[in-house]
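Working notes, beginning with the structure itself.
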Amino acid sequence: MLEAYLQKLSNLRTDRGRDRYPSATNHRAPHKPFLLLSILDLITQGIVQDNFIEPSFELVDTWNGYWQAVMPIGGKSTMAYPFPRLRSDGFWKLIANKGYDPESDYNVSSMAKCREIYAGAKLDDELFQYMVLPNSREKLGTILVQTYFHPKIQSVVIAQGITNQAAYKYARELVGQVAEDAKAFNDISEDNARQVRDAGFRKAIVRLYDHRCAMCGIRMLTPEGHTVVEAAHVIPWRDSHDDKPTNGLCLCRLCHWSFDEGLMSVGREYEVLVSDRVRLNNNIPAHIQPLADRQIFTPAVEKFWPAQSNLHHHRNRVFVQ
């Protein structure tokens, strides 16, 4: 049966065209291979444990990572395309929400529409079991990489999968969900260590703050898996080598820039500090100035709040009074 599924995965129904898809993907649409690789990654991480694949943020985020690693800069797409269309390959059964027919061919072009129509999907039970077992899972991943990606780009796809696993492990370590002696970097090169640290730190911080900016409170998460917030170090990594949540803040892009520029900080009582400099040079601080003295938004668990020792460093070394 494994050989049969290897054959199916090597013959996915994918769009072709030299004018639409680059040589990196052998001039074929990479959407379905990216989706299957993402599912394999989430099974490896233990996020997917049952044979029910939801169009979750984690799955979309992983799919986006493969797309950004392989496809030309500026090219955009969405996991909404392959999620329903994988049904045509004979091992993917869609589970529709009430009021929708899982056998109908709906025009699904966004994750919002995808989630409206589908609760998720199930793989053939036999295929799912092969994905759960490490040896057969590796063979399934290998056939996807070797079939749908040019030899020169295969190492990039493999590296993205390794980074996904290492970043997930690192994020878990940062929030203390696994043993302290766990090693996130065993399987990666030194060149990829920074990428893993950045991705793991981002995963940990953004999830702890539930995608909400600690300063202004904005929370904007698109159906395509894009979030308005970023993970910010209180003391930069180059100075602290510290990725613990107590050295992190979840900030929107404007608050992140303002924090790094010393125009905003956090006080001794976890209140927002806004520098008087925001009003100089004919500046229009808009919504930043009214944030002064408001309490920041923090993780639900206090041990993950930014440490006052780190905030003290920022107030004294970066913040402009």
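A compact table of results
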quantity: Residue that is under 20 Å from Gln45 (Cα atoms), surrounded by fewer than 16 Cβ atoms within 10 Å (Cβ to Cβ) and of a type in the set (Asp, Glu), where the choices are Glu138, Glu103; calculated: Glu138
quantity: Whichever residue in the range 55-88 is outside any helix (DSSP H, G or I) and under 22 Å from Pro102 (Cα atoms) and, among such residues, is nearest to the chain's Cα centre (by Cα); calculated: Ser56
quantity: Top-ranked residue of the range 216-230 - restricted to ones that are touching a residue at least 40 places away in the same chain (Cβ under 8 Å) and crowded, with 16+ Cβ neighbours inside 10 Å, ranked as nearest to Asp293 (Cα to Cα); calculated: Cys216
quantity: Counted residues, the range 1-46 - those being free of Cβ contacts under 8 Å to residues at least 12 places away in the same chain, within 19 Å of Phe91 (Cα to Cα) and in contact with a Phe, Trp or Tyr (Cβ under 8 Å, 6 or more places away or on another chain); calculated: 0
quantity: Unmet criterion (only one of (1) in a loop (DSSP other than H, G, I, E, B); (2) at pLDDT 85 or above; (3) on the phi < 0 side of the Ramachandran plot) for Ala204; calculated: (1)
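The values are calculated or read from the model by the stated rules, or taken from the named source; none is laboratory data. In this text the structure is predicted, and so the values were computed from the model without any measurement. Because the Cβ atoms are built from the backbone with ideal geometry, glycine has one as well, and the counts that use them run over all protein chains shown.
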